[in-house]
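Rule-based calculations on the coordinates, nothing more; no lab input. All values reported here derive from a predicted model rather than from experimental measurement. Cβ placement follows ideal geometry from the backbone for every residue including glycine, while neighbour counts extend to all protein chains displayed.
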Amino acid sequence: MHRVTLIGFRACGKSTVGRLVAARTAWPFIDADTATEQMLGMPIQRAIPELGEPVFRDAEERALAAVLDRPGPLVLATGGGVVLRPGNRDRLRAAGGLIVYLATPLAVVQERLTRNAGGRPSLTGQSPAAEAEALLAVRDPLYRACADWVLEPLPDAAATADLIATRCQ
């Protein structure tokens, strides 16, 4: 199957690396957060506070199913919390192709989120950077259990994309 799915925490580079992998493989790129926003009819930064996280996670699950049910090659950047639901993890394993966990160190994630939270909403009432440690502690084992390849991203997104694209060919 000519597919690669990038999983990992917020601000780990899934969308950036995903676009680069897609360019190198000539496969279509889909950002699951964008697909979820389209399904909800609003950006995630509004959806979670206005609709609640469970409604958002339901839409995320439906969007993931729709994306993975499409035939053909694909580079998919998932949302950071997609692995929280067992059904999503099963679906990723069944149809996500090569699943790569971009295991970005916590300090790097926190620095990126402090510099620019990118419209990411708080899930705990703290700032996205402050809540990262607790959320990552829950999610890291799920990412690792779902992944075919745990990859600490290289300092340069292009080099990370090159490494992934080489493995996909």
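Points to keep in mind about this one:
- GNM flexibility winner over the chain from ALA94, ALA59, ALA147 (Cα, springs under 10 Å): ALA94
- Quick note on the range 1-152: its Rg to Rh ratio, both from C-alpha atoms and Rh being the Kirkwood radius, is 0.93.
- Lys, Arg +1 and Asp, Glu -1 on Cβ, resulting dipole of the chain about Cα centre, debye, nearest 20: 280
- Sites ASP90 and THR34, calculated FRET efficiency, Cβ-Cβ separation with R0 22 Å, nearest 0.05: 0.45
- Relative contact order (%) - criterion: Cα under 8 Å, at least six apart; region: the chain: 36
- Cut-off under 5 Å, modelled amide H: who pairs with ILE7 long-range: VAL100, TYR101, LEU102
- Dipole orientation for the range 3-168: of the candidates PHE29, PRO86, PRO71, PRO71 has the Cα lying most toward the positive pole (charges on Cβ; Lys, Arg +1; Asp, Glu -1).
- Fewest-first ordering of THR114, THR124, THR36 by other beta carbons within 10 Å of each residue's beta carbon gives THR124, THR114, THR36.
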